[in-house]
Amino acid sequence: MILLNPGPVNLSDRVRKALLNPDLCHREVEFSQLQIRIRQQLLQVYNLPQEDWAAVLLTGSGTAAMEAMVTSLVPRDRKLLVIENGVYGERISKIAKIHGIAYLTLHYSWGDEIKLQELVELLAQNPDISHLSVVHHETTTGRLNNLAQLATICREHQIQLLVDGVSSFGAEELNFEAWGITACAATANKCLHGIPGTAFVIVRRDALPPKDTIPRTLYLDLGTYCQKQDGGGTPYTQSVQSFYALAEALAEFAEAGGWQARHKYYSQLANLVRDGLLAMGIKPLLPPESSSVVLNAYYLPEGINYEEFHDRLKARGYVIYAGQGNLTRSIFRVSTMGAITHADMERFLDVVKNAINR
């Protein structure tokens, strides 16, 4: 089955075989060595120096990493601004609300572009905002928000930038230093081609809370994790097998040429799909210049609902993804992540053609 949903992804044979490594206790030196290797590999994805940055590993989904980042890095006496233009931006606001974090939202309809002048005006009206959180690749629609532009505004207002990079880390540009990114949450089972179970936050060490800070959460406190992992340990049981898979996926990733090579390959597949679907009269929701290479959204073919379309494609070996909320009845989404070949996507186009011609 070829998974064209935005994670989990199809695995390479090499990553799948890594799951067969020996059972391992998370308190043994062998696990410590595995964890150290992964933390180093993650920083190497965007060439970040270990003395300034930390990769903090968590067992959980990308949402766990987001919740850890927001709850650990926004102080109790400061305010968070959340930019919403999709489901996952709105999820950040839910995290802030649940944990009692003071926050404001800059809200847009799903898929809309962020209006920078509105952001500037909102920041001028609220000088107590200390952090801004935004989704880089909003998979609700496939929109890639322009972090470089947001970073310039954050820097001018001395605001720390917290990035949801769950669906972009490893395949889109993330210029941590030049853009002044404070922290970025991501996961193993999307652009890095690992399995579900491990998430992580890449964080500036000087942004971590002081050791005497009372955390908002026990299990997701980044300061505790970073302190323990710097010492070779872990505060809680980690998903050992998913660590094995992530280490192998990161080795494969580096050997293939890193994020630039993955970006290029995803782009080739995305363009192949976009051009092929356009030739069938299936239009994209957003133009290419507004979209990530990781996932694109398309209007459903005329005369067929999502459930029927999905089932016809699944019967031929392909899993697509539905729209969310008000988009449920109008779009479908196609991701190009994972161990997928050009031949897989060429066959996908043939399967789509047969499905809409039935």
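Which of the residues spanning the stretch 103-125 are assigned to a loop (DSSP other than H, G, I, E, B), of a type outside the set (Ser, Thr, Tyr) and at pLDDT 95 or above?
Listed by number, the residues that qualify are TRP110, ASP112, GLU113, ILE114, LYS115.
Do we have ARG143 as assigned by TED's automatic domain parsing to the domain that holds PRO75, among the charged types (D, E, K, R) and closer than 29 Å to VAL334 by Cα here?
So ARG143 passes the test.
Can you give me the number of residues within the stretch 266-313 that are over 11 Å from GLY142 (Cβ atoms) and either of a type in the set (Gly, Ala, Ser) or free of Cβ contacts under 8 Å to residues at least 40 places away in the same chain (or both)?
Within the stretch 266-313, residues that are over 11 Å from GLY142 (Cβ atoms) and either of a type in the set (Gly, Ala, Ser) or free of Cβ contacts under 8 Å to residues at least 40 places away in the same chain (or both) number 19.
Here are some conditions: (1) part of a loop (DSSP other than H, G, I, E, B); (2) closer than 16 Å to ALA186 by Cα. GLY232 meets all but one. Which one does it not meet?
For GLY232, the failing item is (2).
Considering only residues that are touching a Ser or Thr at 6+ places or on another chain (Cβ under 9 Å) and part of a loop (DSSP other than H, G, I, E, B), look in the stretch 272-296 and name the one that is surrounded by the fewest Cβ atoms within 10 Å (Cβ to Cβ).
Only one residue tops the list, namely LEU286.
Kindly provide the set of residues from the stretch 303-334 that are within 12 Å of PHE348 (Cα to Cα), within 20 Å of the chain's Cα centre (by Cα) and in a strand (DSSP E or B), ordered by number.
Passing the criteria: VAL319, VAL334.
If ALA249 satisfies every condition in (1) closer than 26 Å to GLU138 by Cα; (2) among the small types (Gly, Ala, Ser); (3) surrounded by fewer than 20 Cβ atoms within 10 Å (Cβ to Cβ) but one, which is the exception?
(3)
One line per residue, one yes/no per condition, for (1) among the small types (Gly, Ala, Ser); (2) surrounded by fewer than 24 Cβ atoms within 10 Å (Cβ to Cβ):
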{"site": "ASP128", "(1), (2)": "no, yes"}
{"site": "THR141", "(1), (2)": "no, no"}
{"site": "ASN145", "(1), (2)": "no, yes"}
{"site": "GLN158", "(1), (2)": "no, yes"}
{"site": "LEU162", "(1), (2)": "no, no"}
{"site": "SER167", "(1), (2)": "yes, no"}
{"site": "THR182", "(1), (2)": "no, yes"}
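Somewhere in the stretch 67-83, is a residue in a helix (DSSP H, G or I), modelled with pLDDT of 95 or more and in contact with a Lys or Arg (Cβ under 8 Å, 6 or more places away or on another chain)?
Yes; the residues of the stretch 67-83 include at least one that is in a helix (DSSP H, G or I), modelled with pLDDT of 95 or more and in contact with a Lys or Arg (Cβ under 8 Å, 6 or more places away or on another chain).
Among the residues of the stretch 235-250, write down those that are touching a helix residue (DSSP H, G or I) at 6+ places or on another chain (Cβ under 7 Å) and in a helix (DSSP H, G or I).
The answer is VAL240, PHE243, TYR244, ALA245, LEU246, ALA247, GLU248, ALA249, LEU250.
Return yes when GLU308 is at pLDDT 95 or above and surrounded by fewer than 15 Cβ atoms within 10 Å (Cβ to Cβ) and no when it is not.
yes
The values are calculated or read from the model by the stated rules, or taken from the named source; none is laboratory data. From a predicted model like this one, the values you see are computed outputs, not experimental measurements. Glycine also receives a Cβ, built like all others from the backbone with ideal geometry; neighbour counts cover every protein chain displayed.
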